[in-house]
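Notes to accompany the following structure.
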Amino acid sequence: MKKVFLCLSLIICASITTSYASPTEDNAVIRINQLGYTPDAIKVAVFGALEAETLKAFSLHDAKTHNLVFSSRSPEAKGAYGPFASSYRLNFSAFHTPGSYYLLANGVKSPVFRINADVYDHTADFLLEYMRQQRCGYNPFLTASCHLDDGYVLYNPDKVGQRIDATGGWHDASDYLQYTATSANAVFQLLFAYRDNPEAFGDAYEAAGLPGPNGIPDVIDEAKFGMDWLKQMNPSSIEYYNQIADDRDHAGYRLPHKDTVVYDPNHKGRPVYLASGEKQGILKYKNRSTGAASTAGKFASAFAIGAEVLGEFYPEYAKHLGKRAEEAYIYGELHPGVSQTAPGRSPYFYEEDNWVDDLELAASSLYKLTGNENYKKSALKYAAEEKITPWIGRDTILHYQYYPFLNAGHHELATSLVADEKKEVSSYYQEGLQLLHERGKDNPFYIGIPFVWCSNNFVTAAVTQSKLYHNLTADDTYLEMEAALRDWLFGCNIWGTSMIVGLPSFGDTPVDPHSSLTLLEGYPTNGGLIDGPVYASIANSLIGVELHNADEYARFQSDLVVYQDDVGSYATNEPTMDGTASLVYYLASLESESRAKGHQKKSYSYDETGAIVRGDISKKSISLLFSADEHADGAEMILRVLEKHGIKGAFFLTGDFYRNETFSPFIKKAKQAGHYLGAHSDKHLLYNDWTGDKKRLVSQEEFQNDLKANYSEMKTFGILKEEAPYFLPLFEWNDNIITQWADQMGITMINYTKGTLSHADYTTPELKNYRSSEDIFNSVLSYEKTNGMNGFLLLSHVGTHPDRTDKFYKKLDELIMTLKERGYEFESLVDLLELKK
């Protein structure tokens, strides 16, 4: 049988090779999911040709050996679509072996991608980076505060002009407007994601959003931050505020803590709009509000799930959320209709027209929380009134006309039901998915969502709805469509780009989002889900779109749909807070699926400053770190020992070390040998004093200038910052603000793993903390015997003061051999800290 298979493979391979006789690299592309595919996933890439082309076969190859590992003579022709005159779906789902691969078809080679159970690990947590960046009040990304004077009340006849404390919450997108509709949905989605997939989330940040674990999952910290703001926007049982600020905010690019917009010279801060049935808009344009149920219902569902989930972490805090949920639900039922956001000078606002979905989710959440049958009865009634979220199946939709884009109420209700009632409510999801299937089945990307403003939010809603439907019914009908929509978000789309900034870090992702942070300071909006492509008719009709750079995707634009990675393309390239929060659930569920099949996620350990201090502890691996400023007497010996054992070390060197010509031969030799060369401060600055409070001794400008100077010296040796993203602070001493300042620069703070005395090799005999090399050596072996050293970052120095004649680096060879005998491997720092291999 094996011989027959081999012959067939050779025949197919020969046939495919023949088809490569006329390479079409300039005419055609292969689009893949850049994150990769789990072994058991549906795996379909898309071949697209700008000029008509016939494809009869394709093949899959190992990226390292280039060996053929899978081939097919059955590409599925899909005809013309968008810019492509010909397109094909390339299904290689039958291949399951983990590894790195690329596809070949008609001489066209795809980007390399991975098949592995870990491809979605940490992705849900990654999205939280954008949520933290969007915080109003104290902004941990910027380590600065903004909008502390919000706000003065509008459209509340009893309190017009009065003030409520409305500081907090998240900025909605790259502007600084804030809406309770999107924020309440975001809070619900974050808590929903944690409740159903708790093990998908880690703890690397404290409650204020600064680096450093606090014993609470970061997603809970973020959800509570949003919940705190919702409570402020609900000062009484008859007040549900809908919005902070209006489009007067659109006054040019500026950072949030430098916001100079004045809304009313008679009032400090920004206006706060009450949710009501009154048509609102104090300038040229008005909305079409008819009630308050849309907003009150969202408050109610967020409060209800908060009472359910936050009680584990904050019992007293959560105790009152249930009462707030019931009050909000009652208020919504008493005021049916929608409370749209308020426009101003321009006609753009959130034109929400549906509200029964909000009361369904609220009633379903309250039924889960209380068991009160009245809530179940109401939820069933509302579910039947809006079985399909109205955007599904449409081509044209007003901005946020049907929001939220996912009706989570069907899921929350169905999971509380049994038998026929559960089947009936679950079928509502099926009806919507079938409409999406019919719209998408004939195009190569299997995409049936409308390309209107925030199209990626619709994709996120669709994949999540498919996931929830499958969880409820085990019906596999829509899994290929779900996979296609998921892959669309990560690069299997017309433009071959991920729609999430910075994910994956090695892929084609948005680099010029519509964001003041990026435009003015070069800060990435990592984790942000961008708006996504729009119909060409929309792109050509929007007010104020002006590209700042040449369109890198110009040849893939079409009369159908447009996406532009440009800061000026606010309709396609603006990250949104609520879209990002809504994607967290789906990514967390993918990680949970891998875990359910036996996959164990790798993770880091962090110190109190948020620095990475240990790699994954599931494997007996150690990384050797060395730092230096003015001494390098051990340099040659260290390099010889590392070469002897085939080990790649990591050398963290100051700017003064790099610019010292005496040390240049060592630096060049270490670089040539493939060792990591990183930054360690330019001028050997002490960033914090030695007290427990770690009083900061440098300003942000001083810190960043020092680090930039360090990297500038590294560049003279051909070492670019992108190749050296890890930074070891001077004296291994810093606080979480320093860690965050480094993060703003795209630099990751690390530190050594505590427990041994390896870092004390610098001490000299006259010091009270002097440690002999024998003491240091024994401390390492003693710690290993008692605790193990998996994932250890073991730090020592390249050289020491002449007064120390007992040089620890002379024992490095013996230490390595001893640890190898105990079963340890020595990995490079990059390999040890790169969790996905």
**Prompt:** Looking at segment 53-98, which of its residues are touching a residue at least 24 places away in the same chain (Cβ under 8 Å) and charged (D, E, K, R)?
**Reply:** 53, 56, 62, 64, 73, 78, 89
**Request:** Scan the strands (runs of 3 or more DSSP E) fully inside segment 36-78 and keep the ones with 2 or more residues being surrounded by 22 or more Cβ atoms within 10 Å (Cβ to Cβ).
**Result:** 44-49, 58-62
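For segment 626-701, list the helices (runs of 4 or more DSSP H) that sit wholly inside it and hold at least 2 residues that are within 18 Å of residue 759 (Cα to Cα) and under 36 Å from the mean Cα position of the chain (by Cα); which are they?
none
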**Request:** Among residues belonging to segment 571-601 that are surrounded by fewer than 23 Cβ atoms within 10 Å (Cβ to Cβ) and either among the basic types (Lys, Arg) or within 30 Å of residue 546 (Cα to Cα) (or both), point out the one that is nearest to the chain's Cα centre (by Cα).
**Result:** 601
**Hey, residue 446 farther than 30 Å from residue 140 by Cα and in a helix (DSSP H, G or I) or not** = no
**Asked** Name the pairs whose Cβ atoms lie under 7 Å apart, with the first residue in segment 254-283 and without any contact (Cβ under 8 Å) to a residue 12 or more places away in the chain, the second of a type in the set (S, T, N, Q), and 6 or more positions between them or separate chains?
**Response** 279/287; 279/289
**Message:** So if I check each of 50, 68, 55, which one is farther than 15 Å from residue 90 by Cβ and either at pLDDT below 60 or touching a helix residue (DSSP H, G or I) at 6+ places or on another chain (Cβ under 9 Å) (or both)?
**Reply:** 50
**Residue among 317, 263, 285, 348 that is in the same structural domain as residue 379 (by TED's automatic domain parsing), not polar (S, T, N, Q) and not in a loop (DSSP other than H, G, I, E, B)** = 317
**Filter result (within 20 Å of residue 185 (Cα to Cα) and either under 20 Å from the mean Cα position of the chain (by Cα) or not assigned by TED's automatic domain parsing to the domain that holds residue 148 (or both)) within segment 210-235** = 217, 218, 219, 220, 221, 222, 223, 224, 225, 226
**Request:** Just give me the residues in segment 702-736 being among the small types (Gly, Ala, Ser) and under 29 Å from the mean Cα position of the chain (by Cα), in sequence order.
**Result:** 724
**Restricting segment 631-655 to residues that are in contact (Cβ under 8 Å) with a residue 12 or more places away in the chain and among the basic types (Lys, Arg), the residue that is nearest to residue 680 (Cα to Cα)** = 648
**Message:** Just to check your reading of the model, which residue among 172, 165 is in the same structural domain as residue 493 (by TED's automatic domain parsing), out of contact with any strand residue (DSSP E or B) (no Cβ under 9 Å at 6 or more places or on another chain) and assigned to a loop (DSSP other than H, G, I, E, B)?
**Reply:** 165
**Message:** Would you confirm, using the coordinates I've provided, whether residue 796 is hydroxyl-bearing (Ser, Thr, Tyr), touching a strand residue (DSSP E or B) at 6+ places or on another chain (Cβ under 7 Å), farther than 30 Å from residue 114 by Cβ and not in a helix (DSSP H, G or I)?
**Reply:** yes
**Message:** Residues that are more than 30 Å from residue 520 (Cβ to Cβ) and modelled with pLDDT of 95 or more: does segment 567-585 have at least one?
**Reply:** yes
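Would you mind finding the one in 369, 433, 406 that is surrounded by 22 or more Cβ atoms within 10 Å (Cβ to Cβ), at negative phi and part of a helix (DSSP H, G or I)?
Within the list 369, 433, 406, the selection yields 433.
Out of 289, 237, 294, report the one residue that is polar (S, T, N, Q), within 19 Å of residue 155 (Cα to Cα) and surrounded by fewer than 16 Cβ atoms within 10 Å (Cβ to Cβ).
Sole residue among the options that is polar (S, T, N, Q), within 19 Å of residue 155 (Cα to Cα) and surrounded by fewer than 16 Cβ atoms within 10 Å (Cβ to Cβ): 237.
Residues are listed down the side, and each one gets a yes or a no for (1) surrounded by fewer than 18 Cβ atoms within 10 Å (Cβ to Cβ); (2) more than 30 Å from residue 30 (Cβ to Cβ); (3) of a type in the set (A, V, I, L, M, F, W, C):
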site: 104; (1), (2), (3): no, no, yes
site: 134; (1), (2), (3): no, yes, no
site: 139; (1), (2), (3): no, yes, no
site: 145; (1), (2), (3): yes, yes, no
site: 160; (1), (2), (3): yes, yes, yes
**Asked** Within the group 583, 520, 587, which residue is farther than 25 Å from residue 219 by Cα, part of a helix (DSSP H, G or I) and in contact (Cβ under 8 Å) with a residue 40 or more places away in the chain?
**Response** 520
**Request:** Among what's in segment 543-553 and is within 17 Å of residue 571 (Cβ to Cβ) and surrounded by 10 or more Cβ atoms within 10 Å (Cβ to Cβ), pick the residue that is nearest to the chain's Cα centre (by Cα).
**Result:** 553
**Residues located in segment 702-721, provided they are assigned to a helix (DSSP H, G or I) and either out of contact with any strand residue (DSSP E or B) (no Cβ under 7 Å at 6 or more places or on another chain) or of a type in the set (Ser, Thr, Tyr) (or both)** = 702, 703, 704, 705, 706, 708, 709, 711, 712, 713, 715, 721
**Message:** Is it the case, given these coordinates, that residue 183 is at pLDDT 95 or above, in the same structural domain as residue 143 (by TED's automatic domain parsing) and over 22 Å from the mean Cα position of the chain (by Cα)?
**Reply:** no
**Request:** Return yes or no: is residue 511 more than 20 Å from the chain's Cα centre (by Cα), assigned to a loop (DSSP other than H, G, I, E, B), surrounded by fewer than 21 Cβ atoms within 10 Å (Cβ to Cβ) and among the aliphatic types (A, V, I, L, M)?
**Result:** no
**Request:** Filter segment 741-784 for residues that are touching a residue at least 40 places away in the same chain (Cβ under 8 Å), in a strand (DSSP E or B) and buried (at least 19 other Cβ atoms within 10 Å of the Cβ) and give the result.
**Result:** 749, 750
**Prompt:** Looking at (1) at pLDDT 95 or above; (2) in contact with a strand residue (DSSP E or B) (Cβ under 9 Å, 6 or more places away or on another chain); (3) of a type outside the set (Asp, Glu), which is the one condition that is false for residue 619?
**Reply:** (1)
**Asked** Does residue 812 fit the bill of being more than 20 Å from residue 680 (Cα to Cα), surrounded by 15 or more Cβ atoms within 10 Å (Cβ to Cβ) and not β-branched (Val, Ile, Thr)?
**Response** yes
**Matching residues, segment 200-254, being charged (D, E, K, R), closer than 27 Å to residue 332 by Cβ and assigned to a helix (DSSP H, G or I)** = 222, 224, 228, 231, 247
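Condition check ((1) in contact (Cβ under 8 Å) with a residue 60 or more places away in the chain; (2) within 26 Å of residue 834 (Cα to Cα); (3) of a type in the set (A, V, I, L, M)) across all residues:
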position: 477; (1), (2), (3): no, no, no
position: 484; (1), (2), (3): yes, no, yes
position: 490; (1), (2), (3): yes, yes, no
position: 493; (1), (2), (3): yes, no, no
position: 504; (1), (2), (3): yes, yes, no
position: 507; (1), (2), (3): yes, yes, no
position: 510; (1), (2), (3): yes, yes, no
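The values are calculated or read from the model by the stated rules, or taken from the named source; none is laboratory data. The structure displayed is predicted, hence computed values, not measured ones. FYI the Cβ positions are ideal-geometry reconstructions off the backbone, even for glycines, and counts take in every protein chain you see.
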